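Scroll down for the structure; my scribbles are underneath it.
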Amino acid sequence: MLGIPFTHIASPMPDVYRKSSVVPRGVANRRAALGWIRKNIHSGVLYFGDDDNTFDLELFDEIRFTKKVSMFPVGLIGDYSVSSPVLKEGKVIGFFDSWPAKRKFPVDMAGFAVNIGFLLSHPHATMPYKAGYEEDQFLVSLGLKLEDIEPKGNACTEVLLIDTGMAYSNFKETSFYN
C-alpha cells in the first residue's frame with residue numbers, strides 16, 4: 001500500500017457505552033492504538049486523522065516537528081465553519097469553536113498532533129468514553145498547558161484540513177433559491 005508501513009487495529013466498543021444516548025464513537029480504537037504505540041513506537045508524531053477529513057499535504061510537513069502538542073485550524077466544522085486556536089503574539093490564548101461546552105481544549109480530533117515522546121512521558125494519559133469530551137480530556141490527561149501548544153498552519157491563519165463529512169452534513173439541509 002504505497003510502501004507505507006502500517007498496522008490496522010480494531011477494538012470493539014464496550015457494551016455499556018453502546019446504550020448511551022450519545023455514543024462515544026472511535027474511542028475503543030483510539031485507546032487500543034495508544035496502547036500499541038506505547039509498546040511499539042519510540043519516536044514520531046501521533047495524529048488522529050479521520051477518513052472523512054481532506055488534507056493539504058503541508059499539514060504533515062508541519063506536524064512532523066511537533067515537540068509536545070501542535071494545534072491547527074479545522075475547516076468546515078460546526079456552526080462557525082472553523083475550529084481553531086486563537087493566538088496573541090504567536091502564543092495560544094484561547095479557542096474559536098462553536099461548541100466550547102466548558103472544555104479546556106475545545107478542539108476537533110483532527111485539530112492536533114502529539115509528539116510520541118511527550119505521550120510516553122504520560123503513561124496514564126488516555127481517551128475517555130465521554131461523547132464530546134474525548135479530545136479535551138485526552139489533552140488534559142497529558143498535562144497539557146496553553147503555553148505548551150505549538151500553533152501550526154502559519155500561526156493558525158491557514159486551514160490545512162477540512163472535515164469533509166461535517167461539510168456534507170452542514171450543507172445537505174441548506175436550501176438554494178433561484
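Summary table
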item: Potential lengthening between N40 and M13 on full extension [0.36 nm per residue; Cα-Cα distance subtracted]; result: 7.4 nm
item: Order of S81, S20 - criterion: other Cβ atoms within 10 Å of each residue's Cβ, fewest first; result: S20, S81
item: Count, lysine Cα pairs under 22 Å in the chain, 8 or more residues apart or across chains; result: 27
item: Normalised convex hull volume, region 45-171, alpha-carbon set, Å³ per residue; result: 103 Å³
item: Assigned charges on the beta-carbon of Lys, Arg, Asp, Glu; the chain dipole about Cα centre (debye); result: 820 debye
item: Once exposed loop GluC sites (Glu not before Pro) are cut out (DSSP; at most 13 other Cβ, 10 Å), longest piece of the chain; result: 1-88
item: Charge-dipole axis of region 1-99 as Lys and Arg at +1 and Asp and Glu at -1 on Cβ define it, positive-most pick from V69, S83, I37; result: I37
item: Region 114-160, relative contact order [Cα under 8 Å, separation at least 6], %; result: 27 percent
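Here, each number is a calculation from the coordinates, and none is a lab measurement. From a predicted model like this one, the values you see are computed outputs, not experimental measurements. Note that we place each Cβ from the backbone using ideal geometry, even for glycine, and neighbour counts take in every protein chain shown.
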